[in-house]
Amino acid sequence: MTHQQSRQLVNWYAQHKRDLPWRHTRNPYAIWISEIMLQQTRVEAVKGYYARFLAALPTVQDLACVDDDRLLKLWEGLGYYSRARNLKKAAQIIVLEYGGQLPRTVAELRTLPGIGPYTAGAIASLAFDVPTPAIDGNVLRVLARLWGDYADITLPQTRQEFSTRVQAAMPTDKPSVFNQALMELGALVCIPHGKPLCASCPWHDDCIARLQNITSELPVKPAKKPRRIEQRELFILRCRDKLALRRRPDTGLLAGLWELPEAFDLSPALVLHDEEAGHAVHIFTHIEWHMSARKITLQESIEDNSLVWVTQEELERDYALPSAFSSFRDALF
């Protein structure tokens, strides 16, 4: 990448950037929250969560001391819930070790839970104007095509090499603008699915992939392994105006969240009504849940310490039910 290409990119961004709420702040805490939320999540989905989260937890101190259930409820539906837990862990470190202020260097940011190379670079550049690259999947795709590079972008050494090359051409006076521009180019023009919009690209005349007609071949990534399929039989257990929920284990997938309980034996004498409640498939990164559910109305609640019985109001206010169960939401009450 040349300095001229950097200028072209920044000029393109000034004309074409989206108006996004986190681009109206230089508050390091708000920028950090937005970057974590945007990991593996669509921009449009994040907007509402971002506003609600900051309204509920406006400072790092608020985040550090928030109750876990409250935190997970704020995150409900965003997925990848370990991100929320790491936010709280990092906030507690920031309060204890950094006086409640996010550290300013990439090296210090990298020591915090949930902050990897890209996020550290993004926070450092966007919040503190540190001239350091922020290389995520979008950026790797753009650069692989610009340079016609067939290196495997999932390898750490490829990310490091690309980062070094970007650093050499990065404008030191506008690092935050440059990094956002590079990410925006990947989101709007050099898109991940479908044909890139090369006619709209500021690097149209320089892109090796376009010139050699190899954009569909880049970037190079290894084939994904097939997802493991898990069959799950769920109960929608109702008693009067309450629904039974069970908390998931503290570790593993959807750790600590609430779920519809799995199948177990019920005394027929307790059952007032029993019907099928449908089937659904939910896809995680490495696993698919193939779910079936039954809706059962009981005369009396079951004596089971693993269950809690909640009203609809309590569910909406206090209990984080993952989107994996969203297909059954209309059948809960």
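The values are calculated or read from the model by the stated rules, or taken from the named source; none is laboratory data. None of the values given here were measured: they were computed from a predicted structure. Don't worry about glycine lacking a Cβ; one is built from the backbone with ideal geometry, like all the others, and counts go over all protein chains shown. Please note that ligands, DNA and RNA were not included when accessible areas were found on the heavy atoms of the full protein model with its side chains. Shrake-Rupley method; radii C 1.70, N 1.55, O 1.52, S 1.80 Å.
So Ala168 fits all but one of (1) of a type in the set (Gly, Ala, Ser); (2) closer than 21 Å to Glu44 by Cα; (3) part of a helix (DSSP H, G or I); what number is the exception?
Checking Ala168 against (1) of a type in the set (Gly, Ala, Ser); (2) closer than 21 Å to Glu44 by Cα; (3) part of a helix (DSSP H, G or I), the one that fails is (2).
Checking Phe235 against (1) crowded, with 16+ Cβ neighbours inside 10 Å; (2) part of a loop (DSSP other than H, G, I, E, B); (3) modelled with pLDDT of 95 or more, which test does it fail?
The single condition Phe235 does not satisfy is (2).
Return yes when Tyr98 is under 15 Å from Glu35 (Cα atoms) and open to solvent by 30 Å² or more (accessible area, probe 1.4 Å) and no when it is not. Lay out the reasoning, then the answer.
Working: under 15 Å from Glu35 (Cα atoms): no; open to solvent by 30 Å² or more (accessible area, probe 1.4 Å): yes.
Against the criterion (under 15 Å from Glu35 (Cα atoms) and open to solvent by 30 Å² or more (accessible area, probe 1.4 Å)), Tyr98 does not qualify.
So Thr154 fits all but one of (1) polar (S, T, N, Q); (2) part of a helix (DSSP H, G or I); (3) out of contact with any helix residue (DSSP H, G or I) (no Cβ under 7 Å at 6 or more places or on another chain); what number is the exception?
(2)
Can you tell me which residue among Pro226, Pro196, Pro192 is of a type outside the set (Phe, Trp, Tyr), part of a loop (DSSP other than H, G, I, E, B), open to solvent by 20 Å² or more (accessible area, probe 1.4 Å) and within 15 Å of Leu143 (Cα to Cα)?
Within the list Pro226, Pro196, Pro192, the selection yields Pro192.
Being more than 25 Å from Glu314 (Cβ to Cβ), open to solvent by 40 Å² or more (accessible area, probe 1.4 Å) and either touching a Ser or Thr at 6+ places or on another chain (Cβ under 9 Å) or in a helix (DSSP H, G or I) (or both) is the filter here; which residues of region 51-79 pass it?
The one that is more than 25 Å from Glu314 (Cβ to Cβ), open to solvent by 40 Å² or more (accessible area, probe 1.4 Å) and either touching a Ser or Thr at 6+ places or on another chain (Cβ under 9 Å) or in a helix (DSSP H, G or I) (or both): Gln61.
Scan region 199-215 residue by residue and report those that are surrounded by 16 or more Cβ atoms within 10 Å (Cβ to Cβ) and outside any helix (DSSP H, G or I).
Here is the first cut: in region 199-215, the residues surrounded by 16 or more Cβ atoms within 10 Å (Cβ to Cβ) are 201-203, 206-210, 215.
Once the filter is applied, which keeps residues that are surrounded by 16 or more Cβ atoms within 10 Å (Cβ to Cβ) and outside any helix (DSSP H, G or I), region 199-215 yields Cys201, Pro202, Trp203, Asp206, Cys207.
Counting only residues that are among the β-branched types (Val, Ile, Thr) and within 22 Å of Phe333 (Cβ to Cβ), which one in region 252-306 is least open to solvent (accessible area, probe 1.4 Å)?
Going through region 252-306, the residues among the β-branched types (Val, Ile, Thr) turn out to be 271, 281, 283, 285, 287, 296-297, 302.
Adding the requirement that they be within 22 Å of Phe333 (Cβ to Cβ) leaves 271, 296-297, 302.
Working: Val271: 47, Ile296: 6, Thr297: 42, Ile302: 33 Å².
Among those residues, the one meeting the criterion is Ile296.
Inside region 322-333, can you point out the residues that are open to solvent by less than 30 Å² (accessible area, probe 1.4 Å) and either over 18 Å from Ile296 (Cβ atoms) or of a type in the set (Ser, Thr, Tyr) (or both)?
To start, the set of residues in region 322-333 that are open to solvent by less than 30 Å² (accessible area, probe 1.4 Å) comprises 322, 324-325, 328, 331-332.
Residues satisfying the conditions are Pro322, Ala324.
Please find, among Asp304, Asp250, the residue that is assigned to a loop (DSSP other than H, G, I, E, B), closer than 30 Å to Arg70 by Cβ and more than 22 Å from the chain's Cα centre (by Cα).
Numbers: Asp250 fails: more than 22 Å from the chain's Cα centre (by Cα).
Result of the check over Asp304, Asp250: Asp304.
Looking at Tyr118 and the list (1) open to solvent by 30 Å² or more (accessible area, probe 1.4 Å); (2) assigned to a helix (DSSP H, G or I); (3) over 30 Å from Pro196 (Cβ atoms), which single condition is not satisfied?
Answer for Tyr118: the failing condition is (3).
Considering only region 313-331, I want to know if a residue exists there that is assigned to a strand (DSSP E or B), over 12 Å from Ala277 (Cα atoms) and either hydrophobic (A, V, I, L, M, F, W, C) or in contact (Cβ under 8 Å) with a residue 24 or more places away in the chain (or both). Working first, answer last.
Taking region 313-331 first, the residues assigned to a strand (DSSP E or B) are none.
No: region 313-331 contains no residue that is assigned to a strand (DSSP E or B), over 12 Å from Ala277 (Cα atoms) and either hydrophobic (A, V, I, L, M, F, W, C) or in contact (Cβ under 8 Å) with a residue 24 or more places away in the chain (or both).
Restricting attention to region 13-50, and to residues there that are without any contact (Cβ under 8 Å) to a residue 24 or more places away in the chain and within 17 Å of Ala134 (Cα to Cα), which single residue is surrounded by the most Cβ atoms within 10 Å (Cβ to Cβ)?
Ser34
If a residue has to be free of Cβ contacts under 8 Å to residues at least 60 places away in the same chain, open to solvent by less than 20 Å² (accessible area, probe 1.4 Å), of a type in the set (Gly, Ala, Ser) and closer than 22 Å to Cys201 by Cβ to count, how many in region 125-177 make the cut?
Summing the residues that are free of Cβ contacts under 8 Å to residues at least 60 places away in the same chain, open to solvent by less than 20 Å² (accessible area, probe 1.4 Å), of a type in the set (Gly, Ala, Ser) and closer than 22 Å to Cys201 by Cβ in region 125-177 gives 2.
Return the residue satisfying two criteria in turn: it lies in region 91-106 and is assigned to a helix (DSSP H, G or I) and in contact with a helix residue (DSSP H, G or I) (Cβ under 8 Å, 6 or more places away or on another chain), and of such residues it is farthest from Asp250 (Cα to Cα).
Here is the first cut: in region 91-106, the ones assigned to a helix (DSSP H, G or I) are 91-97, 106.
In the following step, the residues that additionally are in contact with a helix residue (DSSP H, G or I) (Cβ under 8 Å, 6 or more places away or on another chain) were identified as 91-92, 94-95, 106.
Details: Ala91: 20, Gln92: 19, Ile94: 24, Val95: 24, Val106: 30 Å.
Within region 91-106, the match that is farthest from Asp250 (Cα to Cα) is Val106.
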